[in-house]
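Only one structure is covered here, and it is reproduced in the block below.
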Amino acid sequence: MSGTGQEQSVGIPPAEQASGARLATLRILLSNEFGLLVLIVLFAIIFSTISPAFLSKFSLYALGRTSAVNIMIGFSMMVVIITGGLNLSVGSIGVCAAMFGGLLMQAFAMPWPLAVCGGLAMGAALGALNGFIIVRSGLHSFIITLATMSIFFGVMIFLTRAESYRDISPAFTSFGRMKLVGIISPLLLVSALAGVLLSVLFRYTALGREMLATGANERAAELSGIRVNRIITYCHLLSGVLAGVAGLMLVSRTGAAIPSMAGQLGQDWLLPAFLGPVLGGTLLTGGRVSVLGTFLGSFLVTMLTTGLLLMQVGAFWMQTYLGMLLLAAVLIDMVRRSYLTRRKLI
């Protein structure tokens, strides 16, 4: 039985209690999540001042609908980064899953719930294939997923003849275009639900803890009885499912499954895939994850993109700014963690 906060503090000198409270407050203020919240509010003020249309109902709805996809893309990369790996084929897997779901709806007249399950199964299969090749070959995931990025996309283009599937179930497309209370896209709620489920996975399940342990120290995890190869495969499988969700979100939003929806070879997804987790505090070396941080980081990236578009900034400069943001995020996180380590706050 745990006591109340007052009972637990009995016997602790007031000076130590105050010091502990200050350290806890400092830890929160220096966290990635708090910093991202401040940046979101700051840029919202800046963009709304420059362009009043930024806070219009349509703009907020479009922001939520676009950020929902970017958040899911960030989650897809995040679940692989926690093991110290990478998945450069996120975009290719997402497009393959979306195209397969579109094929099932158009060519086989399959009900959209079954078609969505089929698309997610395709994403899971391609993700698991990545994991299988990585653990069997012993090569770094960067090399394997760089290769499969081209392979998956090329095979998809060959099989579909680069044709789009536009005969999509109206019920499925209406979901992607629906407005809740006038400004909220249900796609954003899907991403939020995915975030909650991932948080439960990493915080409360043995599988999630094994994923984190594998990323923190693969050798120690193996010695403690964790089947590291299986965990790595599971992470890539989960990454494939989440990439498939992102792809199917785009189909629901646009009303068509298009081979170029993620750019050539799916490369348009790579920068958002890295920005969300890195800004959110997920360590590229593995072992630490922040689902809320990834959510906020991906939302911030979408907000910046939307704001720059309203300011009529060219696409080239937009990619430049986002690349600079990624570099700055990595450097700032290094400085932050060094400071917290010196102060013995982590």
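Derivation of every value follows stated rules applied to the coordinates shown; laboratory data play no part. These numbers come from a predicted model, not from an experiment. Every residue, glycine among them, receives a Cβ derived from its backbone with ideal geometry; neighbour counts consider all protein chains shown.
Brief remarks on what is shown
- Over region 206-284, Cα pairs under 8 Å with separation of 6+ residues give a relative contact order of 14 percent.
- Computed extension length for Ala147-Met334: 64.3 nm, one decimal, from 0.36 nm per residue of separation with the Cα-Cα distance subtracted.
- Charge-dipole axis of region 195-346 as Lys and Arg at +1 and Asp and Glu at -1 on Cβ define it, positive-most pick from Val301, Gln319, Leu283: Leu283
- Between Leu223 and Trp317, residue separation times 0.36 nm minus the direct Cα-Cα distance comes to 29.0 nm.
- Contact order relative to length of the chain, as percent, for alpha carbon pairs under 8 angstrom and 6 or more apart: 31
- Computed label-point distance, nm, for sites Phe34 and Leu309 using a 7 Å Cα→Cβ extension: 3.3
- Gyration tensor (alpha-carbon) shape descriptor, region 256-312, a/c threshold 1.5: oblate
- Karplus-based coupling profile of region 171-178, in residue order and whole Hz: 5, 6, 6, 5, 5, x, 10, 5, with θ = phi - 60° in 6.51 cos²θ - 1.76 cosθ + 1.60 and x standing for Gly or Pro.
- P(r) weight above 17 Å for region 31-97, C-alpha pairs, percent: 61
- Model label zone, Gln267; criterion: amide N under 18 Å from point 7 Å along Cα-to-beta-carbon; scope region 92-130: 92-96
- Using θ = phi - 60° and Karplus 6.51 cos²θ - 1.76 cosθ + 1.60, couplings along region 180-188 (whole Hz; Gly, Pro as x): 9, 6, x, 9, 9, 8, x, 4, 5
- Three-way shape label, region 159-230, alpha-carbon gyration tensor, a/c 1.5: oblate
- Working ranking of peptides 248-261, 177-190 by packing, defined as the average number of other Cβ atoms within 10 Å per residue, highest first, is 248-261, 177-190.
- Magnitude of the charge dipole for the chain, about its Cα centre and with charges confined to Cβ atoms of Lys, Arg (+1) and Asp, Glu (-1), is about 300 debye.
- Mean shadow area of region 203-294, taken as a quarter of the surface of its Cα convex hull (nm²): 7.0
- Options Ser169, Ser185, Cys117, ranked by Cα towards positive dipole end of the chain, top entry (Cβ charges): Ser185
- Peptides ranked, highest mean first, by Cβ atoms within 10 Å: ranges 78-91, 269-282, 191-204, 117-130: 78-91, 269-282, 117-130, 191-204
- Note on Leu159 and Lys57: the extension gain reaches 32.6 nm, defined as 0.36 nm multiplied by sequence separation minus the Cα-Cα distance.
- The sum of -39500 (n - 2.57) across all DSSP H runs of n ≥ 4, divided by the residue count of the chain, sets its helix-only mean residue ellipticity at 222 nm to -25000 deg cm²/dmol.
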